[in-house]
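Structure first, commentary second.
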Amino acid sequence: MILYKKHILIAIVSIFIASFFTLSLSAAEEVEVHHWWTSGGEAAALQVLKKDLENKGITWKDSGVAGGGGAQAMTALKARISAGTPPTAVQMLGFDINDWAELGYLADLNNIAKEDNWDSVIPKALQRFSKYNGVWVAAPVNVHSVNWVWGNREILSKVGVKKSDLKTWDNFIKAAKKVQAAGYIAFAHGGQDWQDATVFDSIIYATGGRDFYIKTMIEQDTNAIKSATMRRAFDRFREFGNLLDDNFSGREWSQTTALVINGEAAFQIMGDWAKGEFVKAGKKPNSDFVCFRVPGTQEAVLFNSDQFAMIEVGDNRRDAQEAMAKAVMDPSFQSTFNVVKGSVPARVDVPNTAFDFCGKKGMLQLATANNNNTMLGSMAHGHAGKPAIKNAYFDVVTTFLNDASMSSREASSNLANAIFAAQE
Ligand code: BGC
């Protein structure tokens, strides 16, 4: 009888120990990732990350919130944090990372950053956002840039647009008019504030050059924002607006890219996440589509970088979180992931071998722009100004595009006032 009781006791204790380990292991081996990568190309890239982590024994809990540019995902994050149920890692852009770090919600990754030498392999322009007061709080997974044009090769050759027609903004507009006259959509565009602003970033650079972009977007100098050069930029934005189709309003960016992929539209001005859609559709650079810098911005890389900001979580979730941060920074992962995402690696030591024509071009341009100080943060994607400034910019740029009666003078003065009001 005593022996029998002893066996029962041993069995209960072992069940208890086993379930304790299973519980703590499963908690330690899961990451919940909050992101807005829900288009076809984005989801394919995310799959690369998910697989990589699964191979390392880390389970993926998905928390995707649709909406290009990430505004909806950021709103959803606030709700999660205030409910006290934070995800493990969050896709975040530029100044948003600084804000969350300032509020004290982000984890300290200094140990692994030191172990893996992040200081010397991650470009300084990204470190400015990955670190807060000297503490690494985020791991950058890519470098995207917004000043790209994606073109349908067949339409361009049918209509007779040559590469030499795509060197200056004015010639670009002439080419777009030719496309429209031939019955195609000239510019595929999705009328959402962040997409409007993505285009306007490039127009500002194309119109005023590097110093003007720095003065207006990075330094937010209100006199420069009110200047004749900004008025000219709005004039150009109006020209662009006149070359859109009737259904542009509210269209998702990936549906917009599909118009170029399917041969309905000649061009889309969009960040290189658009390339992820071409790749997903099995299209090849130079034979099916062309990629070139927005005419007038050839020397510049107006960048944004998706980083995984790591949220301060309990000890039981920290191992998996650190394993994810390490995995994201692995050079061969950065190559595989960015080939699918359309972006380029967030490390300086990743070979370009696996990248296609546009990817190789993007990597070379990034290195050159970095040396020439023409690698500048995109305002539309949170890398030039704080969120309040970015939102002020969105408001004015979108209102102008949708209100044909607004003059460029009014728009530039509204922009100067809105940015001034948003400054701290
Ligand atoms: C992100 C990209 C994303 C795009 C569209 C950008 O802000 O950096 O990763 O693909 O938004 O959703």
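The values are calculated or read from the model by the stated rules, or taken from the named source; none is laboratory data. Please read these numbers as outputs of a predicted model, since none were measured by experiment. All Cβ positions, even for glycine, are placed from backbone atoms using ideal geometry, and neighbour counts span all protein chains on display. Keep in mind that these areas ignore ligands, DNA and RNA; they rest on the heavy atoms of the full protein, side chains included. Shrake-Rupley method; radii C 1.70, N 1.55, O 1.52, S 1.80 Å.
A few points about this structure:
- Angle in degrees between helix 2-28 and the longest Cα principal axis of the chain, rounded to the nearest 10: 10 degrees
- The residues of the stretch 241-375 have, on average, 37 Å² of accessible surface per residue, using a 1.4 Å probe with all protein chains present.
- Above-threshold pairs, the threshold being 30 Å between Cα atoms, out of 51/163; 158/390; 226/361; 50/158; 50/131: 51/163; 158/390; 226/361; 50/158
- Cα centre as origin, Lys/Arg/Asp/Glu Cβ charges: the chain dipole, Debye: 820 debye
- Here the chain has 54 percent of its accessible surface on carbon and sulfur atoms, given a 1.4 Å probe and all protein chains in place.
- Using a Förster distance of 25 Å, the FRET efficiency for residue 30-residue 330 (Cβ separation, nearest 0.05): 0.80
- Crossing angle, helix 169-181 versus the chain [Cα axis fit, 0-90 degrees, rounded to tens]: 90 degrees
- Angle between the chain longest axis and helix 387-402 axis [Cα atoms, degrees, rounded to 10]: 40 degrees
- Full-extension gain in nm, residue 239 to residue 182, via 0.36 nm per residue minus C-alpha separation: 18.7 nm
- A simple spin-label model places the labels of residue 349 and residue 54 3.0 nm from each other, with each point 7 Å out along Cα-to-Cβ.
- Of all DSSP-defined beta bridges confined to the stretch 31-165, some 20% are antiparallel rather than parallel.
- Karplus (6.51, -1.76, 1.60) ³J(HN,Hα), θ = phi - 60°, over the stretch 57-69, in Hz, Gly and Pro reported as x: x, 9, 7, 9, 10, 8, 9, x, 10, 4, x, x, x
- Per-residue ³J(HN,Hα) for the stretch 98-115, Karplus 6.51 cos²θ - 1.76 cosθ + 1.60, θ = phi - 60°, Hz, x for Gly and Pro: 4, 5, 5, 5, 4, 6, x, 8, 9, 7, 9, 9, 4, 4, 6, 4, 5, 3
- Computed per residue of the chain from DSSP H runs no shorter than four, each worth -39500 (n - 2.57), the mean residue ellipticity at 222 nm is -16500 deg cm²/dmol.
- Shape category assigned to the stretch 302-424 from the gyration tensor of Cα positions, a/c cut at 1.5: oblate
- The stretch 222-381: C-alpha gyration tensor shape, a/c 1.5 cut-off, then a/b vs b/c: prolate
- At most 11 other Cβ within 10 Å, DSSP loop - chymotrypsin sites (Phe, Trp or Tyr not before Pro), the stretch 83-176: none
- Built amide H within the under 5 Å cut-off of residue 251, gap 5+: 191
- Rounded if a/c under 1.5, otherwise prolate or oblate - the stretch 150-190, Cα gyration tensor axes: rounded
- Residue 119/residue 420 FRET efficiency (R0 51 Å; Cβ-Cβ; nearest 0.05): 0.90
- Solvent-accessible surface (1.4 angstrom probe) belonging to residue 61, in square angstrom, nearest 10: 90 Å²
- DSSP beta bridges in the chain [antiparallel fraction, %, rounded to 5]: 60 percent
- Full extension of the chain segment joining residue 82 with residue 246 gains 54.9 nm, where the gain is 0.36 nm per residue of separation less the Cα-Cα distance.
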